[in-house]
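Below: one structure, written as structure tokens.
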Amino acid sequence: MKKHARRFFRILSLAAAALFVFGVGVSAAERISINGSTTVLPISQILAEGYMDEYPNVNVSISGGGSGNGIRALVDGTTDIAQSSRWIRQSEVENAVDNGHFPVPFAIALDAIIPVVHPDNPVDNLSLDQLKAIYEGKIRNWKDVGGEDRSIAIISRDSDSGTYVVWNDIVLKGARPSPRAQLLASNGAITQEVSGNRNAIGYIGIGYLNENLKAVSLDGVAPTYDNAQSGDFPVSRTLWFFTDDWPKGEILRFINFALHPEKGQKLVGETGYVPLY
Amino acid sequence: MGAKRRAKELLIHIFFLVVGASGIIVLTLILLFLIMEGLPVFDTVSVRAFLFGTMWYPTHYPPDFGILALIAGSASVVVLSSLLAIPLGIGSAIYLAEIAHPKVRAVIKPTIELIEGLPTVVIGFFGMIVVAPFLQETFGLTTGLNLFNASVMLAFMAVPTIASISEDAIYGVPAHMKEGSMALGATHWETIARVILPASLTGISTAVILGISRAIGETMVVLMVAGGAAIIPESIFDPVRPMPANIAAEMGNAPFRSDHYHALFAIGLVLFVFTFVFNMIAAHLAQKHKQVGAASL
């Protein structure tokens, strides 16, 4: 019995030693972790790839669990950078400061949120008021906005996604969307539903626009990259990186890379989002 | 030597006690966690307004945390999918156990059990890409992502469970009972309806519970195909938002320890209570109709 126990402890201490050596070995390479909004995810991914090409000894790991999740992770200290598709909330700042963390924002790209319909839908322009009335459930038929005699299927995002928050602020001006609005959990799901449903209207980030969807102009302004960058297209937002305190070392180098007009911002343009410069 | 062996016995005894109790311990911890994280929402909203409010606007100002529409969404999906899945599941089980040729059975049963292993996200994807456009075109609906679509997909998930376990129960009915019934002049159908089904009722109830409780808690499928409108459905083609879908969709973005976060945990608690009560009722029914003697399983 005793002999067994001694052998067991010997194995255990060996394992611990191995783990220790292994752990040190891993931490020799620099790591940056990014967590947060799924909207910003494609940007972080392409930035990380570009960055790791330039600095091969750095390992950038990315996960997307929503803007709120990312900021929570920053406050918990489990991530270096939080990616967010909305501005940080007052309650989140207070929570961070109470825990001794100081989120610092960096704008990294612009995103236009564009209303989309099925390609066969004849409607190609709506006023902001019409769009608001549709989402509030006051206009229920396409013929009231110059389309066919079909009922409107309103497609919306889950009520806490960054995309929803921006849409709700700018289009609905804080009013409540109709409870009949369908909640779908991602840009991809909305793309899928609208491209297969002639009654549907939805909204997506400009990067998700494809040939199976028709983008609708707002008050005559087409949802193009130029109009988004110039600020003419009304429904656009800034995408953010938040760091804990002013970044230093590797994280600073990464942020500089992301904001460089020839490096990071060029990559942002490739993702379908709107670069800052 | 004797003491040593007794100590060993005791150790093994304790080991299995811990293993056996671990399920209960974990369940208790989860329940405690749900209560701790869920109850604070009732500082903001009354229990009545939470359970019977029809408006779910958690991120607006002032927020509304009424989950009646979500409860209605869950209930309607479960009822409709049960109506589809139970007859189909038990019907397949009867066919497989009593009517099908053993060779046919040897092919069909493993196939049904294979369907059981399909990842739910695949079923959801199928509902979204294939069933939704089909429903919408065929019936001229506003949207194909609705209560009916979700129920069909959930039934599709539940049928294999119900069929496979019911089939075991029916197959396990002792041959002499069947032979006795036949010997008394009953037809095959009379034997199935009056002897075999009552004798295997406990097993069939278990099958139904397992199949349907999967439907209550299923998240991915309803998140993808139920449509997600927080309304009390008026027709089977209305979009609905069952409770698990709502939790999954909103948890990622709800600020930590906010009212919204607590409200989502409270929904989890309601869901837990629902499943618990459902299992209790089902267990009670199974116990009540339990056959004694040779037919008991």
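A Cβ distance below 6 Å, combined with a sequence gap of six or more or placement on separate chains, defines the contacts here; from region B:62-76, residues that are touching a residue at least 40 places away in the same chain (Cβ under 8 Å) reach residues that are among the basic types (Lys, Arg) and crowded, with 23+ Cβ neighbours inside 10 Å in the pairs B:70/B:241; B:73/B:241. Within region A:176-187, the residues that satisfy the criterion of being over 21 Å from residue A:151 (Cβ atoms) and touching a helix residue (DSSP H, G or I) at 6+ places or on another chain (Cβ under 7 Å) are A:185, A:187. A count restricted to region A:147-157 and to residues that are closer than 16 Å to residue A:115 by Cα and at pLDDT below 90 stands at 2.
The residues of region A:145-162 that are part of a helix (DSSP H, G or I) and either more than 10 Å from chain B (Cβ to nearest Cβ) or under 30 Å from residue B:139 (Cα atoms) (or both) amount to a single one, A:145.
Meeting the requirement of 1 or more residues that are under 18 Å from the mean Cα position of the chain (by Cα) and farther than 29 Å from residue B:70 by Cβ, the helices (runs of 4 or more DSSP H) wholly within region B:95-193 are B:102-116, B:147-171. Residues of region A:164-218 that are facing chain B (nearest Cβ under 10 Å), more than 21 Å from residue A:140 (Cβ to Cβ), among the polar types (S, T, N, Q) and in contact with a Ser or Thr (Cβ under 8 Å, 6 or more places away or on another chain): A:186 alone. Does residue B:97 satisfy the condition of being more than 27 Å from residue B:240 (Cβ to Cβ), surrounded by 21 or more Cβ atoms within 10 Å (Cβ to Cβ) and away from chain A (no Cβ under 14 Å)? Spelling it out, residue B:97 is indeed more than 27 Å from residue B:240 (Cβ to Cβ), surrounded by 21 or more Cβ atoms within 10 Å (Cβ to Cβ) and away from chain A (no Cβ under 14 Å). Anything in region A:138-163 that is of a type in the set (Ser, Thr, Tyr) and crowded, with 22+ Cβ neighbours inside 10 Å? List them, or say none. Within region A:138-163, A:156, A:159, A:161, A:163 qualify.
With a cut-off of at least 1 residues that are crowded, with 24+ Cβ neighbours inside 10 Å and at the interface with chain A (Cβ under 9 Å from one of its Cβ atoms), name the helices (runs of 4 or more DSSP H) lying wholly within region B:196-252. It would help to see each step written out before you state the result.
Details: elements: B:201-217, B:220-225, B:243-251.
Counting at least 1 such residues, we get B:220-225, B:243-251.
Among residues of region B:87-109 that are touching a residue at least 12 places away in the same chain (Cβ under 8 Å), those with a Cβ under 6 angstrom from a residue that is small (Gly, Ala, Ser), sequence gap 6+ or separate chain, pair up as B:89/B:163; B:90/B:166; B:92/B:163; B:93/B:163; B:93/B:166. Quick check on region B:148-160. Is at least one of its residues more than 14 Å from every other protein chain (Cβ to nearest Cβ), of a type in the set (Ser, Thr, Tyr) and touching a residue at least 40 places away in the same chain (Cβ under 8 Å)? Yes: region B:148-160 contains one or more residues that are more than 14 Å from every other protein chain (Cβ to nearest Cβ), of a type in the set (Ser, Thr, Tyr) and touching a residue at least 40 places away in the same chain (Cβ under 8 Å). Across region A:38-49, a minimum of one residue is classified as modelled with pLDDT under 85, under 16 Å from residue B:252 (Cα atoms) and surrounded by 11 or more Cβ atoms within 10 Å (Cβ to Cβ). Restricting region A:73-86 to residues that are within 10 Å of chain B (Cβ to nearest Cβ) and out of contact with any Gly (no Cβ under 9 Å at 6 or more places or on another chain), the residue that is surrounded by the fewest Cβ atoms within 10 Å (Cβ to Cβ) is A:76. Among the residues of region A:121-168, those that are among the basic types (Lys, Arg) and touching a Phe, Trp or Tyr at 6+ places or on another chain (Cβ under 8 Å) comprise A:150, A:157.
The values are calculated or read from the model by the stated rules, or taken from the named source; none is laboratory data. In this text the structure is predicted, and so the values were computed from the model without any measurement. No Cβ is skipped: glycine too gets one built from the backbone with ideal geometry, and neighbour counts run over all protein chains shown.
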